[in-house]
Amino acid sequence: MQIKIEDLQEGCILTEDVFSLSNRPIISKNSVVTREIMNVLEAFLIKEVNVASTLVNGLPFTPPLNIRDELAALEHTDDENKNLFTLFLHAAQQYEKEFKSWQSGMPVEIQAIRNIMLPLIEKLDEATSADVFSLYHLSTEEHYIYQHAVAVGTISAYIGKKLNMEKGKIIQLALGGCLSDCGMAKIKPSILNKKGSLTAEEFDEIKRHSIYSYKMIQNISSLSDLTKTGIIQHHERLDGSGYPLGDRDQKVNEVARIIAVADVFHAMTSQRQYRRKQSPFKVLELLLEDSFGKYDISAIQAVSAGMMNFSVGSKVKLSDGQVAHVLFNEEKSPTRPLVKLDDSGEIIHLERHRQIYIEEVLS
């Protein structure tokens with residue numbers, strides 16, 4: 001929906017790239033509006049932008065009265081007619097309510113988690129891979145812990161679909177991914193919400209969250225034993241460098257391996273306190289480098305197959321801000337194709353220019 005700049009507010013989500021006088025966007029699609037972005041838009045004399053009907057915190061965007069009626073219909077649309085981003089934001093909002101109930105001592109209500117995740121699982125059948133791997137755009141420091149849980153469940157389910165798992169296993173993956181960090185609710189708020197660096201003792205306490213998560217869900221009969229074990233193991237690594245038990249190789253089960261990839265992928269691409277988000281393509285490169293030591297190669301390949309689902313002619317944004325089109329993509333280096341810059345027409349082989357990487361697929 002198009003609104004005037006003066007009606008924009010922090011937390012709005014841009015649904016289209018914003019251009020000024022060149023063919024390079026000054027603000028990318030799916031960016032969450034901040035005060036800095038609003039200043040940039042004003043500086044470039046942008047008059048109107050297109051935004052989603054939902055704010056990043058999951059609440060409906062309240063526009064001026066003359067366009068509220070238009071949005072009301074969207075906000076009351078059935079889940080099957082909402083896009084993945086809108087469902088995701090509402091799911092994160094519902095997860096926040098559950099998380100705060102756990103902090104007050106209430107048990108995990110598995111039906112509530114199913115209600116959060118099932119609409120997202122169903123939406124995966126029609127959502128594009130680009131939609132799934134663009135969820136990181138919606139992450140904010142304030143709501144990260146809730147958004148991360150829902151994203152890990154969604155990406156875990158996506159990996160399960162790519163691996164041709166049956167629906168029951170995909171649902172278990174989604175539930176396990178979403179609940180893998182529920183034990184964070186048992187961490188002292190003074191540690192969980194600390195703005196500065198954690199002490200060694202505080203970090204050790206954070207690392208116990210997977211144990212707390214397991215204790216919170218161990219008696220839920222509708223979660224499989226594989227899922228329960230996957231939850232306590234989701235920070236284990238195949239080389240034995242993980243925690244809490246230092247399990248390695250075949251001792252780390254399939255559910256844990258998938259959740260681990262989903263967890264680290266979303267975490268590294270998201271904006272967090274004292275850690276800037278990274279391009280999903282850059283993160284994929286890092287995962288591929290570590291895949292033979294720490295992470296399950298089949299899970300990473302599922303992510304790679306989804307993200308590399310662009311063909312010759314695809315429009316991409318590079319890390320230096322330039323826009324290019326893909327000319328040729330090699331299987332041995334899927335994140336580094338041959339591209340042609342839109343501005344200059346120069347052809348660059350990203351495999352030979354390691355300082356530049358794909359930031360995002362535009363179309």
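The values are calculated or read from the model by the stated rules, or taken from the named source; none is laboratory data. Keep in mind it's a predicted model, so treat the numbers as computed, not measured. Don't worry about glycine lacking a Cβ; one is built from the backbone with ideal geometry, like all the others, and counts go over all protein chains shown. To get the accessible areas, we keep the full protein, side chains included, count just its heavy atoms, and leave off ligands, DNA and RNA. Shrake-Rupley method; radii C 1.70, N 1.55, O 1.52, S 1.80 Å.
Table for the structure above
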quantity	calculated
Violating pairs (Cα-Cα greater than 25 angstrom) within the set Lys97/Lys167; Lys82/Lys162; Lys82/Lys340	Lys97/Lys167; Lys82/Lys340
Cα gyration tensor category, rounded, prolate or oblate, for the range 148-280 with a/c compared to 1.5	prolate
Fraction of accessible area attributable to carbon and sulfur, the chain (%, probe 1.4 Å)	49 percent
Kirkwood-Stokes translational diffusion coefficient of the chain, alpha-carbon pairs, 10 °C, 1.306 mPa s, µm²/s	74 µm²/s
Extreme residue, positive dipole direction of the chain, given options Val361, Ile3, Met307 (C-beta unit charges)	Met307
Within the range 209-268: Cβ-based charge dipole about Cα centre, in debye rounded to nearest 20 (Lys, Arg +1; Asp, Glu -1)	120 debye
Kyte-Doolittle mean at least -0.5 and Cα axial length at least 27 Å: DSSP H helices in the chain	84-103
Over the range 209-363, volume per residue of the alpha carbon convex hull, in Å³	133 Å³
The chain - accessible surface per residue (Å², probe 1.4 Å)	47 Å²
Helical mean residue ellipticity (222 nm; -39500 (n - 2.57) per DSSP H run of 4+; nearest 500) of the chain	-13000 deg cm²/dmol
Peptide ranges 86-97, 187-198 listed from the most packed, as the mean C-beta count within 10 angstrom indicates	86-97, 187-198
